[in-house]
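Colleague: Let me begin by handing over the structure; questions about it come next.
The values are calculated or read from the model by the stated rules, or taken from the named source; none is laboratory data. All figures in this text were calculated on a predicted structure; none of them were measured in a lab. FYI the Cβ positions are ideal-geometry reconstructions off the backbone, even for glycines, and counts take in every protein chain you see.
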Amino acid sequence: MDSKEKLYITAVKQAAAPRPKMVRPIVVLGAGGIIRAAHLPAYHKAGYRVVAIADIAQDRAAELASEWKIERSFGSIADAVRFAPADVIFDVAVPASQIMTILPQLPTGAAVLLQKPMGETLEEAKTIRDHCRQHGLTLAVNFQLRYAPNNLGAVALASAGVLGELHDMEVQVRTYTPWKLWMFLATAPRLEVLYHSIHYLDLIRSWLGNPIGVYARTVRNPQCAGLAATKSSIVLDYGDWKRVFVVTNHGHDLAEESQCSFVQWEGTQGAMRMDMGVNLDYPKGQPDTLSYVLRDSEDRKWRSVPVCGNWFPDAFVGSMGALQAYVEGSVAELPTGFESAYETMALVEAVYRSSAKPGEPLPL
């Protein structure tokens, strides 16, 4: 192992999301699948203390409270808010259409982590943004892919010089997603981009900022009768020398060797790739990976770098930790705050608007 490789491995090992100096109590509002599968396992692993959980299905809230040894459970948001300690973080994980039934019940100035998306449309996102402004909410949206261990490692590798100048970024997902696990999506008019590829659009924004524009098409799958579009092709315009795109197919229920789930970056000095294992054999998933290759290496072979943890559930430690650290003042920025999240929603809206337009006809 040469000195460069040692440097890169060390950089990835040291990569971490912000964490608070003093952990604040968490009140969870919503007891759906994402809370069970990701939020609660992540918080338990990180030592974050959930003191209450509420859901209109009180039995479900009580079951999770018992399973995770949470002190209190409630069948209403109002009861949970009355119970909440003064320094609480509200963790809101409900369908996007229900967000504005909950935010008005929270105290002025509350700290909130909101499960994505930030509403079902840009108009709803604007309402949420304006409410946060008017009521002084410190609200972050849970775009936790930014805090996935392999993306944090990729950021560290780029900072260490692996990429040089970034000029190419692609996301490819070709797998089978069991949408039936989320009952509320059965009638959703917007599906794949709003509830899945939004993560990739936000991730791209974190690396490259906002694009000039987009070209997109999102289409339905004949094998997923009744569902909105679950396959997408999205090209983001960053000028004449950056190629950036997202392509997804969530109906690929064929051989494992033909499935894929990755983000790849290419720069003037080298390239990086991270595999997102959670999309493969969901919800069981496979391990996340990170690798890189240097243009000036003699063999130009890809080298794997160990990463500690996976997108699910470990990235959820990062999104909660970043919010808590920001609220206590130990970090100066909140990357997934509602103002930035609104810009991601604007990008999602641009994708749907582009998809609704006809393609350029062939010249006669």
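Colleague: Give just the number: which of (1) in a strand (DSSP E or B); (2) aliphatic (A, V, I, L, M); (3) at pLDDT below 95 does A225 not satisfy?
Modeller: Result: A225 passes all but (1).
Colleague: Of all residues in segment 10-33, count the ones that are among the aliphatic types (A, V, I, L, M) and part of a helix (DSSP H, G or I). Spell out the reasoning first.
Modeller: Within segment 10-33, the subset among the aliphatic types (A, V, I, L, M) is 11-12, 15-17, 22-23, 26-29, 31.
Filter once more, so that each one left must be part of a helix (DSSP H, G or I): 11-12.
Going through segment 10-33 one residue at a time, the tally reaches 2.
This table checks each residue for (1) at pLDDT 95 or above; (2) outside the structural domain of T289 (by TED's automatic domain parsing); (3) assigned to a helix (DSSP H, G or I); (4) not charged (D, E, K, R).
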| site | (1), (2), (3), (4) |
| --- | --- |
| A80 | yes, yes, yes, yes |
| D87 | yes, yes, no, no |
| T101 | yes, yes, yes, yes |
| L113 | yes, yes, no, yes |
| T127 | yes, yes, yes, yes |
| N150 | yes, no, yes, yes |
| A154 | yes, no, yes, yes |
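Colleague: While we're looking at this one, here's another question. For segment 200-229, which residues satisfy the criterion of being aromatic (F, W, Y) and without any contact (Cβ under 8 Å) to a residue 60 or more places away in the chain?
Modeller: Step one: list which residues in segment 200-229 are aromatic (F, W, Y), which gives 200, 207, 215.
Across segment 200-229, the qualifying residue is only W207.
Colleague: Within segment 228-250, is there a residue that is over 22 Å from S159 (Cα atoms) and basic (K, R)? Write out each step before concluding.
Modeller: Step one: filter segment 228-250 for residues over 22 Å from S159 (Cα atoms), giving 228-237, 239-240, 245-250.
From what's left, basic (K, R): 231.
Yes, some residue in segment 228-250 is over 22 Å from S159 (Cα atoms) and basic (K, R).
Colleague: Can you pull out the residues in segment 292-332 that are farther than 30 Å from V88 by Cα, touching a helix residue (DSSP H, G or I) at 6+ places or on another chain (Cβ under 8 Å) and either assigned to a loop (DSSP other than H, G, I, E, B) or of a type outside the set (A, V, I, L, M, F, W, C) (or both)?
Modeller: Applying the first criterion (farther than 30 Å from V88 by Cα) to segment 292-332 yields 292-307.
From the residues that got through so far, the ones that are touching a helix residue (DSSP H, G or I) at 6+ places or on another chain (Cβ under 8 Å) too are 292, 294, 303, 305-307.
Answer for segment 292-332, where residues must be farther than 30 Å from V88 by Cα, touching a helix residue (DSSP H, G or I) at 6+ places or on another chain (Cβ under 8 Å) and either assigned to a loop (DSSP other than H, G, I, E, B) or of a type outside the set (A, V, I, L, M, F, W, C) (or both): Y292, R303, V305, P306, V307.
Colleague: Tell me, which residue of segment 210-267 that is small (G, A, S) and under 26 Å from S304 (Cβ atoms) is nearest to the chain's Cα centre (by Cα)?
Modeller: Just the residues of segment 210-267 that are small (G, A, S), to begin with: 213, 216, 225-226, 228-229, 232-233, 239, 251, 255, 258, 261, 267.
Okay, now just the ones that are also under 26 Å from S304 (Cβ atoms), so 255, 258, 261, 267.
Values: A255: 27, S258: 24, S261: 14, G267: 24 Å.
Filtering segment 210-267 for residues that are small (G, A, S) and under 26 Å from S304 (Cβ atoms), the one nearest to the chain's Cα centre (by Cα) comes out as S261.
Colleague: Taking segment 170-184 on its own, how many of its residues are touching a helix residue (DSSP H, G or I) at 6+ places or on another chain (Cβ under 6 Å) and either in a helix (DSSP H, G or I) or not polar (S, T, N, Q) (or both)? Give the derivation first.
Modeller: Filtering segment 170-184 for residues touching a helix residue (DSSP H, G or I) at 6+ places or on another chain (Cβ under 6 Å) gives 171, 173, 175, 179.
Those left that are additionally either in a helix (DSSP H, G or I) or not polar (S, T, N, Q) (or both): 171, 173, 179.
Residues that pass the stated criteria total 3.
Colleague: Considering L139, L194, L181, L113, which residue is hydrophobic (A, V, I, L, M, F, W, C), surrounded by fewer than 24 Cβ atoms within 10 Å (Cβ to Cβ) and in contact (Cβ under 8 Å) with a residue 24 or more places away in the chain?
Modeller: Numbers: L139 fails: surrounded by fewer than 24 Cβ atoms within 10 Å (Cβ to Cβ); L194 fails: surrounded by fewer than 24 Cβ atoms within 10 Å (Cβ to Cβ); L113 fails: surrounded by fewer than 24 Cβ atoms within 10 Å (Cβ to Cβ).
Just a single option satisfies the conditions, and that option is L181.
Colleague: Is it the case that R217 is crowded, with 18+ Cβ neighbours inside 10 Å, at pLDDT 95 or above and either touching a helix residue (DSSP H, G or I) at 6+ places or on another chain (Cβ under 9 Å) or in a helix (DSSP H, G or I) (or both)?
Modeller: Working: crowded, with 18+ Cβ neighbours inside 10 Å: no; at pLDDT 95 or above: yes; either touching a helix residue (DSSP H, G or I) at 6+ places or on another chain (Cβ under 9 Å) or in a helix (DSSP H, G or I) (or both): yes.
Considered against the rule, which asks whether it is crowded, with 18+ Cβ neighbours inside 10 Å, at pLDDT 95 or above and either touching a helix residue (DSSP H, G or I) at 6+ places or on another chain (Cβ under 9 Å) or in a helix (DSSP H, G or I) (or both), R217 comes out as no.
Colleague: Give just the number: which of (1) in a loop (DSSP other than H, G, I, E, B); (2) surrounded by 15 or more Cβ atoms within 10 Å (Cβ to Cβ); (3) among the small types (G, A, S) does A158 not satisfy?
Modeller: (1)
Colleague: Give S330, S297, S354, S291 a once-over and let me know the one that is surrounded by fewer than 16 Cβ atoms within 10 Å (Cβ to Cβ), over 18 Å from the mean Cα position of the chain (by Cα), outside the structural domain of A86 (by TED's automatic domain parsing) and not aromatic (F, W, Y).
Modeller: Values: S330 fails: outside the structural domain of A86 (by TED's automatic domain parsing); S354 fails: surrounded by fewer than 16 Cβ atoms within 10 Å (Cβ to Cβ); S291 fails: surrounded by fewer than 16 Cβ atoms within 10 Å (Cβ to Cβ).
So the residue among S330, S297, S354, S291 that is surrounded by fewer than 16 Cβ atoms within 10 Å (Cβ to Cβ), over 18 Å from the mean Cα position of the chain (by Cα), outside the structural domain of A86 (by TED's automatic domain parsing) and not aromatic (F, W, Y) is S297.
Colleague: Sticking with this one: Pick from K6, K69, K45: which is exposed (fewer than 15 other Cβ atoms within 10 Å of the Cβ) and in a loop (DSSP other than H, G, I, E, B)?
Modeller: Working: K6 fails: in a loop (DSSP other than H, G, I, E, B); K45 fails: in a loop (DSSP other than H, G, I, E, B).
Unique residue meeting the criteria: K69.
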